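Nothing in this text is a laboratory measurement; each read-out follows from the coordinates by a stated rule. Since this is a predicted model, take the numbers as computed values, not measurements. All Cβ positions, glycine included, derive from the backbone under ideal geometry; neighbour counts span all protein chains shown.
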Amino acid sequence: MSIFALLGVACGAALLGIAAGYWLPPHGRIPARERTPDDRRILLPFTGQEISRRSFEAAVRLAKAENAIIMPAFLARVPMNLPLETALPVQCARGMPLLEAIEQRATSQGIPVDSRVGRGRSARDALRRLIEAEHFDRIIVSADEDPRAGLGYEDLRWLLERVPAEILILRPAPEDTRRISIDAVSGHF
């Protein structure tokens with residue numbers, strides 16, 4: 001079979017699928033204009049290489065109870081001397097494995113996942129830009145003891161005062177050190 005015949009068959013199948021209404025965007029996400037009001041979304045932002053297991057478990061339980069989509073979001077910091085659109089390979093090499101680990105754990109439990117990467121000059125700025133661009137019904141944030149590691153207390157206060165969504169801030173007990181980290185997918189990348 002020639003290359004042109006294969007190309008013709010592939011184009012015909014694609015056109016048939018579009019005509020039948022079975023086409024989704026290549027990334028698998030539902031465009032905002034096509035989402036129904038019943039599409040509930042839970043944002044799970046993080047900045048580093050690990051997240052509290054309690055925060056993840058809370059997001060999973062809520063998503064199961066409400067048939068919601070979990071949206072894990074890696075908040076990438078772009079230095080002031082670079083444009084916001086700049087590629088950030090070092091940061092992404094740290095954050096993307098955790099994004100993958102969260103996706104794998106959630107989908108293994110039957111929860112739909114729609115991951116994001118938010119960019120900003122700080123974690124708060126990245127979160128603000130993400131909230132302006134997307135719709136979320138709930139935001140679940142892990143409160144860390146070290147404000148340099150993630151969203152600090154001032155960021156959490158800003159979130160509570162300014163964001164029009166349900167917000168759940170979880171701080172595990174000091175002896176609860178269970179985390180989801182990039183070790184969950186070690187060797188995968």
Notebook entry, point to check: So, counting K/R as plus one and D/E as minus one, what does the shell of residues with Cβ under 14 Å around Met96 add up to?
Noted result: 0
Check: Over the alpha carbons of the range 35-185, what is the largest minus smallest coordinate on each principal axis, giving the biggest first in Å?
Finding: 44, 37, 28
Item checked: Furthest towards positive pole of dipole, Gly118, Pro172, Val141, structure part the range 35-185, Cβ charges -> Gly118
Next item on the list: Go through the range 87-94 residue by residue and turn each phi into a ³J(HN,Hα) via Karplus (6.51, -1.76, 1.60, θ = phi - 60°); whole Hz please, and just put x for glycine and proline.
Entry: 5, 10, x, 5, 5, 5, 5, 8
Notebook entry, point to check: Residues with amide H under 5 Å of Glu50's amide H, sequence separation 5 or more or different chain, H placed in the peptide plane at 1.01 Å from N; which?
Noted result: none
Notebook entry, point to check: Order of 107-119, 77-89 by packing, highest average Cβ count within 10 Å first?
Noted result: 107-119, 77-89
Notebook entry, point to check: Relative contact order, percent, of the range 35-185 when contacts are C-alpha pairs under 8 Å separated by at least 6 residues?
Noted result: 34
Notebook entry, point to check: Amide H to amide H under 5 Å from Ile69: which residues, 5+ apart in sequence or cross-chain, H placed 1.01 Å off N in plane?
Noted result: Arg40, Arg41, Ile42
Next item on the list: Using amide H atoms built 1.01 Å from N in the peptide plane, name the residues 5+ places from Ser122, or on other chains, whose amide H lies under 5 Å from its own.
Entry: Val78
